[in-house]
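Enquirer: One structure, pasted below without further comment.
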Amino acid sequence: MSTTRPYSPGDRGPEPSGASGASGAPEGGMPVTGASEGHVGAQTAAAAGGQSRRLSFDGASGVVPLARDFTRQALYAWGWLPADSADQRAAAEDVLLVVSELVTNACLHAEGPDELSISRDRKVIRLEVSDRGTGQPAPRTPHRAGRPGGHGMFIVQRLCLDWGVVRSPGVAGKTVWAELAAPA
């Protein structure tokens, strides 16, 4: 699992596992219909074989539950929920847990998250959390399961096909992305 892969958000590059289908997040977007209150910055877009949604956290409070609710709505819209099997339910819960960890890390180690982007194709769901922080997320080594705190990126690393950090030259902040397999 990589934390330094140099591909930009939406560009998965070569996947040795063959897990990726079409390339990542489509461009453009339109307002989400039926978005609940608090999802003011929500957008969705569709492209060949994939879909994408974005949530801006501008001025929002309670961003972790907001991100989980937004993600849960996307999973319902995309047919991941309600789950037909235990494996599908576990896959959806893994996505919600990774979103929670990425947004929490942006709150704890950066100046809070700016945006959450969720995109999917038939095989992969990609999560991206952008923030203005300068730090470099990494699993705590050695990982100590019995101690409080420091488990976020270890959890992300264990649950995801791949994850990484992308920085744009001349722009403050970063985007932390993670990819999970779609349920079978």
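Enquirer: Around residue 124, which amide H atoms from residues at least 5 apart in sequence, or from another chain, sit under 5 Å from its own amide H, with H modelled in the peptide plane?
Expert: 21, 182
Enquirer: Suppose accessible area is computed on protein heavy atoms with a 1.4 Å probe; arrange 168, 61, 100 from highest to lowest.
Expert: If we order 168, 61, 100 from most to least accessible, we get 61, 168, 100.
Enquirer: Rounded, prolate or oblate, given the Cα gyration tensor of region 66-106, with a/c below 1.5 counting as rounded?
Expert: Oblate is the answer for region 66-106, as a/c is 1.5 or above yet b/c matches or exceeds a/b.
Enquirer: Under the rule of at least 5 residues apart or a separate chain, name every residue whose amide H is placed under 5 Å from the amide H of residue 162.
Expert: 179
Enquirer: A follow-up question, please. Scan around residue 81 for amide H atoms under 5 Å from its own, H built in the peptide plane at 1.01 Å from N, and keep only partners 5 or more places away or cross-chain.
Expert: Close amide H contacts, sequence-distant or interchain: 76.
Enquirer: Okay, next question. Extension gain residue 184-residue 89, at 0.36 nm per residue separation less the Cα-Cα distance, in nm?
Expert: Value of the extension gain: 33.1 nm.
Enquirer: In Å², and per residue, what accessible area does region 52-184 have when probed at 1.4 Å with the other protein chains present?
Expert: I get 48 Å² per residue for region 52-184.
Enquirer: Loop only per DSSP, at most 15 neighbouring Cβ atoms within 10 Å: give me the trypsin sites (Lys or Arg not before Pro) in region 80-179, ordered by residue number.
Expert: 122, 132, 140, 144, 167
Enquirer: Select from region 89-184 those chymotrypsin sites (Phe, Trp or Tyr not before Pro) which occupy a DSSP coil region and have at most 14 other Cβ atoms within 10 Å, ordered by residue number.
Expert: Within region 89-184, no chymotrypsin sites (Phe, Trp or Tyr not before Pro) qualify (loop, at most 14 other Cβ atoms within 10 Å).
The values are calculated or read from the model by the stated rules, or taken from the named source; none is laboratory data. What you are looking at is a predicted structure, and each value in this text was computed from that prediction instead of being measured. All Cβ positions, glycine included, derive from the backbone under ideal geometry; neighbour counts span all protein chains shown. Ligands, DNA and RNA are stripped out before the accessible areas are found, and what is left, the full protein with its side chains, is counted by its heavy atoms. Shrake-Rupley method; radii C 1.70, N 1.55, O 1.52, S 1.80 Å.
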